[in-house]
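Worksheet: the structure to be examined is printed underneath.
The values are calculated or read from the model by the stated rules, or taken from the named source; none is laboratory data. Computed from a prediction, not measured in an experiment: that's the story for all the values here. Counting neighbours? That spans all protein chains shown, and the Cβs are built from the backbone with ideal geometry, glycine included.
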Amino acid sequence: MSLFARKPLDHLQEELEKGPELKRVLGPWGLMLLGLGNIIGAGIFVITGQAAAKYAGPAITVSFVLVALACILAAICYAEFAASLPIAGSAYTYAYTSMGELMAWTIGWDLMLEYLFSAAAVAVGWSGYVVSFMKDLHVVIPPALSSAPLAFSPEHGLHTTGALFNFPAALILLFCGGMLYRGISESAKVNNIIVAIKMVVLLLLILFGMSHIDMSNYTPFLPPNTGEFGSFGWSGVFRGSAVVFFAYIGFDAVSTAAQESRNPQKDMPIGIIGSLLLSTVVYIAVALIITGIVNYSKLNVPDPIAVAVDQVGPSLYWLRPIVKIGAIAGLSSVILVSLLGQTRVFFAMSRDGLLPPIFSHLDPKLQTPTITTMMTTGATIVVAGLLPIDILGELVSIGTLLAFALVCGSIPILRKTAPDLPRPFKVPLSPVLPIIGVLTFVGMMLTLPGETWWRLLIWMGIGFAIYFFYGHKHSKLQKHLRTQLDENMPGKL
């Protein structure tokens, strides 16, 4: 059977009408807040400082601008797909209908990397802020119980740190997994409250932090290159873009909730594009503030905003606990939405037979994939408890870039293979903009360190092994094709 057999659009429609139905409770504001819940989090509270310290200096703001321009290309492609094919699975479903089963599996497995490691990375950042906040209250959480036992460096490779396990990271993952277990309505309510809190906190940081900027911290705005590609200079800005790309994965998580949207054809584009534009403005403003308050070289920490507030001193002492509480709350919503995206991708792949049926089992009362939620939460706890944030962040970035490139590439293909498909929202200037998107995201992938590529290849190798040993044999599409072949050519199978 062809590995590139595409899933017929009428099969998708049949699944929507006859398959297990998730609760449709999300409107346009709910979807936008879902996006903001995932976008505004790790990029501001964790990754921004590390990317500034290691790659771009204060010019990390330029990295954010470049990423935003690229993300607009991906966002409009996601918006067209989500409005045209309003079903769970996000980019996995889009690839299945446009590029075939093998590419769908590739992007589905890639999305697992994106969401699982995203939730783990943000949980590690959450742990750093909790440790900092508890220290302000004179409660010291030992590093052995709040940091990863494994680390990586170019000099020593993968090595042990002496720590036991990151227990605060495991705690927040358990809480968020419990919320998802209860259902999308409860999770959305909690997310909306958290988004409101962190937006207020970030606005306070911007308003009061402006008067404490030391202009000397902006000199040089673009630190000279050290002689190594990606280490400051313009190559550092581009590598910084690839790393902070991690911060923008929230809007694609909106598309995983298409089957839980009340009016997806109208509301999905609003949720995806609106959350991206609003978060971009906040990102650029906050990046300018923290690199203006603190020299970029001091921001290679899990809690850079906390470091910036501490740097100001007594005049902003009152803001310090507020910012840290806002960061803790904000990172919680990112974890919540990342876990949501992961479970919905599992649900879609299992529904198609590529994963065991247990992954698409819905609780009859809650109408949520409870078993998948528990398994995903458990796996993420293991990853967050063992690995450091730099490894996790780079893995998420390369996984997200690959997913975005494939989604952009799918738009012109589906335009050609399904020209009559109703498209409430259409990407303008297709295929020009989608092709530019593909080239942009592949180019950003090439700026990431070589070891990140090796980790991606190992991850994808594991995924292909699972597909050929299980997914291909149990695929509902492949079974349908075999049945058709047997009817047309009896005895040939």
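Look at the range 223-243 and say how many of its residues are buried (at least 16 other Cβ atoms within 10 Å of the Cβ) and more than 14 Å from Ser297 (Cβ to Cβ). Qualifying residue count for the region: 10. Evaluating Thr380 against the criteria (1) in contact with a Leu (Cβ under 7 Å, 6 or more places away or on another chain); (2) more than 23 Å from Ile335 (Cα to Cα) leaves one unmet condition, (2). The criterion of at least 3 residues that are charged (D, E, K, R) is met by the following helices (runs of 4 or more DSSP H) wholly inside the range 378-493: 389-417, 476-488. Checked against (1) assigned to a helix (DSSP H, G or I); (2) over 22 Å from Leu340 (Cβ atoms), Ser275 passes all but a single condition, namely (2). A residue that is in contact with a Gly (Cβ under 6 Å, 6 or more places away or on another chain), closer than 15 Å to Ser63 by Cβ and modelled with pLDDT under 80 occurs nowhere in the range 217-224.
Considering the conditions (1) at negative phi; (2) assigned to a helix (DSSP H, G or I), Gly57 is excluded by exactly one of them, (1). State yes or no: is Tyr96 aromatic (Phe, Trp, Tyr), under 16 Å from the mean Cα position of the chain (by Cα) and more than 30 Å from Gly385 (Cα to Cα)? The answer is no for Tyr96.
Filtering the range 179-226 to residues that are outside any helix (DSSP H, G or I) and either in contact with an Asp or Glu (Cβ under 7 Å, 6 or more places away or on another chain) or hydroxyl-bearing (Ser, Thr, Tyr) (or both) leaves Thr219, Thr226.
Cβ-Cβ distances below 6 Å connect the following pairs, each with a first residue in the range 334-362 that is part of a helix (DSSP H, G or I), a second residue that is surrounded by fewer than 24 Cβ atoms within 10 Å (Cβ to Cβ) and among the basic types (Lys, Arg), and a separation of six or more residues or different chains: Ser360/Arg351.
Within the range 363-398, the set of residues being of a type outside the set (A, V, I, L, M, F, W, C) and modelled with pLDDT of 80 or more comprises Pro369, Thr370, Thr372, Thr373, Thr376, Thr377, Gly378, Thr380, Gly385. Just a yes or no: is a residue in the range 133-144 at pLDDT 85 or above, under 26 Å from Val243 (Cα atoms) and buried (at least 17 other Cβ atoms within 10 Å of the Cβ)? The answer is no; no qualifying residue exists. The single condition from (1) under 14 Å from the mean Cα position of the chain (by Cα); (2) farther than 29 Å from Met199 by Cβ; (3) among the hydrophobic types (A, V, I, L, M, F, W, C) that Ile40 fails is (2).
If I filter the range 282-291 for residues that are in a helix (DSSP H, G or I), touching a Phe, Trp or Tyr at 6+ places or on another chain (Cβ under 8 Å), among the hydrophobic types (A, V, I, L, M, F, W, C) and closer than 23 Å to Phe208 by Cβ, do I get at least one hit? Checked against the condition, which is being in a helix (DSSP H, G or I), touching a Phe, Trp or Tyr at 6+ places or on another chain (Cβ under 8 Å), among the hydrophobic types (A, V, I, L, M, F, W, C) and closer than 23 Å to Phe208 by Cβ, the range 282-291 yields at least one hit.
Figure legend. Inter-residue proximity from the range 431-446: first residues touching a residue at least 12 places away in the same chain (Cβ under 8 Å), second residues among the polar types (S, T, N, Q) and surrounded by 15 or more Cβ atoms within 10 Å (Cβ to Cβ), beta-carbon distance below 7 Å, spacing 6+ or different chains. Indicated pairs: Met444/Ser241. Within the range 93-106, the set of residues being modelled with pLDDT under 85 and either in a helix (DSSP H, G or I) or surrounded by 24 or more Cβ atoms within 10 Å (Cβ to Cβ) (or both) comprises Thr93, Tyr94, Ala95, Thr97, Ser98. Within the range 197-216, the residues that satisfy the criterion of being of a type in the set (Val, Ile, Thr) and exposed (fewer than 15 other Cβ atoms within 10 Å of the Cβ) are Val200, Ile206. Of all residues in the range 308-325, those that are under 16 Å from Leu203 (Cβ atoms) have Cβ atoms under 7 Å from Cβ atoms of residues that are among the hydrophobic types (A, V, I, L, M, F, W, C) and in a loop (DSSP other than H, G, I, E, B), 6 or more apart or on another chain, in Ala308/Val294. In the range 185-230, of all residues being of a type in the set (Gly, Ala, Ser) and out of contact with any Phe, Trp or Tyr (no Cβ under 7 Å at 6 or more places or on another chain), the one that is nearest to Ile398 (Cα to Cα) corresponds to Gly227. In this structure, does Leu158 turn out to be at pLDDT below 85, part of a helix (DSSP H, G or I) and farther than 25 Å from Val307 by Cα? Here the answer is no, as Leu158 does not meet what is asked.
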